[in-house]
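Novice: Below are the structure tokens for one structure; questions will follow.
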Amino acid sequence: MKRLLVGIILLFASAELFAQQNTPPLQQQDATPPVAPQQNTPPLPPPPDEGAPPLRPTATPPPVAPIVVAAPKQPNGKIQKSLVRITSTEVEPDYRAPWNTGAIGRGVGAGFVIDGPRIMTNAHVVSNTRYLTVEREGDPNKYPARVLFVAHDCDLALITVDSPEFFKNMVPLGLGGIPELESTVSAYGYPIGGERMSVTTGIVSRIDFQLYTHSSIDSHLAIQISAQINPGNSGGPVMQNGKVVGVAFQGYSGDIAQGVAYMIPTPVIRRFLTDIKDNRYDKYVDLGLTYSKLQNPAQRRYLGLPDDGRGVMVDTVIEAGPAGKALKQGDVLLSIDDHAIASDAFVELEGERVEMPEVVERKFKGDKVKFEILRDRKPMTLRIELNTVWPYQMQAHHYDTRPRYVVYGGLIFQPLSLDLLDAYQTGDPRVRHYFDYFILEQIYLQHPDVIVLTNILPDPTNTYLAAYRSSIVDEVNGKKMTTLNDLAQAFAEAPDRFVIKMIGGGPPLVLDRKEVESARERIRTRYNVIAEQNLNEQPVSAQVSAKSEEPHS
């Protein structure tokens, strides 16, 4: 290093001395070996005599423009002609005062044009939306948009713009396959920190089943990438070789992990697009069972299984699910659709080892799946028609719906759900137990709706009832309450009083009907209760009509 510095210093010193000797200014040269002077090169002027006056400095040479290296060609083409910025004005449901409209918020995400012409994005970008606009690069207008389809169980959505001007010169993107591990991908979107398109590059680091946090209960194939995905990237394409290989959708925050982000791969995207071909989204199907691996040799011998590395055991079967009519606890599953089930619950599918649920993931409502099983050590073949499993929905987040509730005598009754727990943050052990074991203990058979007294609007007619908060309703006037509709029907009858028994014992809660009726208008006015009940999850107006609107700046 020292020799290099000395050489550079000597080089500059020689150049300065040469300039002082009134030589012509040097021209910029290419990085090629020096060439010997030709014979017709004029000789250099002789050095000045020692007694001669000093030479006047020569004029400063004109600046030489730097050599600019051309930027490499964009590997994924002009993505600006396919990418859009999505802005959603949304209303978050208010579970603590369910008759209210809820808080208004604003979110920004990304999307990209596919054939149709349609725009693909994440479901969480357009969830609970009341007004939706999209923007494209180089266009100052904001175009009103509307939702076509939403799949909350796989966090995908399709929207469109009715303005005929919007899709002009836009280029639809095509879908690719599953990228290989360690291959490079690029994520596009509009993350925080700026208004224009952003691109981040990373590698594929993992391909695995992951929980999709938007619904909180659904797990599908997902691809982990090292490219940064931040708020605003959601719904944007992840590209490789000019094709979409995924949709950016979730990641970990810095306090949990760094550089961990996920994209929805194309098998999930293609399934969504296939499902909606009949203009309806039927959701993902499921078997409705849990199982255990059978890898212990002694355990396998006890069950009469050969040492062939096959088989998993059924632990629980949800009676309300497709498997409830065919499989039993203790059955050993040997194959699914002629794919051998390994003892670690993996199967070989299209040359890859994937988890057994991946076979079901690729099917649709009404499709059948074939199982080879052992029941009491006897081989059997079963076929199961697939469908959704409704009990799972109690433990899922819900969107584009109004909370269900009944208000009577200032008492607020609501069905137990994940959103309700998030709103009230209740620590009541009985409520938590009914939520956590709703499926495993098959609570849904007796209580399809777990009706909770969530809050009390104070009034003289309901004094000294605070201890009943977070109680679960069992029966009213001797009749079992299985759904919220049952409770509303009971209150619509006209007995002298309502005797409400709660699960877990204790004295019943008693309401005098005449007192409740006399307080009804007072409570509604005092607490601005617009409607005393909502028994059905009515979708909010998520589809904003844009036919009569013009784009605005």
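What follows is calculated from the coordinates using simple rules that are stated; it is not laboratory data. Keep in mind that this is a model prediction, so the values were computed, not measured. Cβ coordinates were reconstructed from backbone atoms using ideal geometry, including for glycine residues, and neighbour counts include every protein chain displayed.
Novice: Within 10 Å of each residue's Cβ, count the other Cβ atoms and sort TRP99, TRP390 from fewest upward.
Specialist: TRP390, TRP99
Novice: For segment 361-464, would you read off the P(r) tail past 25 Å as a percentage of all alpha carbon pairs?
Specialist: Details: 2353 of 5356 pairs.
Summing the P(r) tail past 25 Å for segment 361-464 gives 44 percent.
Novice: Sticking with this structure for a sec: Just to check I understand the Karplus step: with θ = phi - 60° and J = 6.51 cos²θ - 1.76 cosθ + 1.60, what whole-Hz values come out for segment 373-388, glycine and proline as x?
Specialist: 9, 10, 10, 6, 6, 10, x, 9, 10, 10, 10, 10, 7, 8, 7, 6
Novice: Return the inverse of the average 1/r over all pairs of distinct C-alpha atoms in segment 403-534, which is the Kirkwood hydrodynamic radius, in Å to one decimal. Mind showing how you got there, number by number?
Specialist: Details: mean 1/r = 0.0660 Å⁻¹.
After inverting the mean inverse Cα-Cα distance, the result is 15.1 Å.
Novice: By count of other Cβ within 10 Å, fewest leading, how are HIS433, HIS397 ordered? Please report the intermediate quantities before stating the final value.
Specialist: Values: HIS433 13, HIS397 17.
Fewest to most other Cβ atoms nearby, the residues stand as HIS433, HIS397.
Novice: Right, next: For segment 450-455, in order, what is each residue's ³J(HN,Hα) by Karplus, 6.51 cos²θ - 1.76 cosθ + 1.60 with θ = phi - 60°, in whole Hz (x at glycine and Pro)?
Specialist: Per-residue couplings from phi come out as 8, 8, 10, 7, 7, 7 Hz.
Novice: Continuing with the same structure: List the trypsin sites (Lys or Arg not before Pro) within segment 377-433 that fall in a DSSP loop (any state other than H, G, I, E or B) and whose Cβ has at most 11 other Cβ atoms within 10 Å.
Specialist: Working: sites: ARG377, ARG383, ARG404, ARG430, ARG432; in loops: ARG377, ARG404.
Filter output for segment 377-433: ARG377.
Novice: Please list, in chain and number order, the residues 5+ apart from ARG310 or on another chain whose amide H is under 5 Å from its amide H, with Hs placed from the backbone.
Specialist: Those lying under 5 Å, H to H, from ARG310 are SER343.
Novice: OK, next. Could you tell me which of the pairs LYS325/LYS480; LYS78/LYS168; LYS142/LYS283; LYS283/LYS368; LYS243/LYS277; LYS293/LYS363 are separated by over 20 angstrom between their Cα atoms in the structure shown? Display every interim value, and only then the final one.
Specialist: Values: LYS325/LYS480 26 Å; LYS78/LYS168 15 Å; LYS142/LYS283 31 Å; LYS283/LYS368 16 Å; LYS243/LYS277 22 Å; LYS293/LYS363 23 Å.
With Cα atoms farther than 20 Å apart: LYS325/LYS480; LYS142/LYS283; LYS243/LYS277; LYS293/LYS363.
Novice: Also, I was wondering about something else. Please report, to two decimal places, log10 I(q)/I(0) for segment 200-336 at q = 0.16 Å⁻¹ as given by the Debye formula with identical point scatterers on the Cα atoms and no solvent.
Specialist: -0.97
Novice: Kindly give Rg over Rh for segment 195-246, based on alpha-carbon atoms, with the Kirkwood expression for the hydrodynamic radius.
Specialist: Values: Rg = 12.2 Å, Rh = 12.5 Å.
Dividing the radius of gyration by the Kirkwood radius yields 0.98.
Novice: Give me the percent relative contact order of segment 373-531, please, defined on Cα pairs under 8 angstrom at least 6 residues apart.
Specialist: Values: 200 pairs, mean separation 31.6, N = 159.
Computed over segment 373-531, the figure is 20 percent.
Novice: Run through every distinct alpha carbon pair of segment 289-387 and return the Kirkwood hydrodynamic radius in angstroms, one decimal place.
Specialist: On the way: mean 1/r = 0.0732 Å⁻¹.
Hydrodynamic radius (Kirkwood, Cα pairs) of segment 289-387 is 13.7 Å.
Novice: Follow-up question, since we're still on this one. Order of TYR408, TYR434 from fewest to most other C-beta atoms within 10 Å?
Specialist: Working: TYR408 22, TYR434 19.
Ranked by crowding around the Cβ, least crowded first: TYR434, TYR408.
Novice: Sticking with this structure for a sec: What ratio of Cα Rg to 2.2 N^0.38 Å holds for segment 147-240? Mind dumping the intermediate values first?
Specialist: Working: Rg = 15.0 Å, N = 94, 2.2 N^0.38 = 12.4 Å.
Working it through for segment 147-240, the quotient is 1.21.
Novice: Which net charge results when you count Lys and Arg as +1 and Asp and Glu as -1 among the other residues whose beta-carbon is under 12 Å from that of ARG362?
Specialist: Details: positive: ARG270, ARG271, LYS363; negative: ASP275, ASP337, GLU350, GLU358, GLU361, ASP367.
With Lys, Arg at +1 and Asp, Glu at -1, the net is -3.
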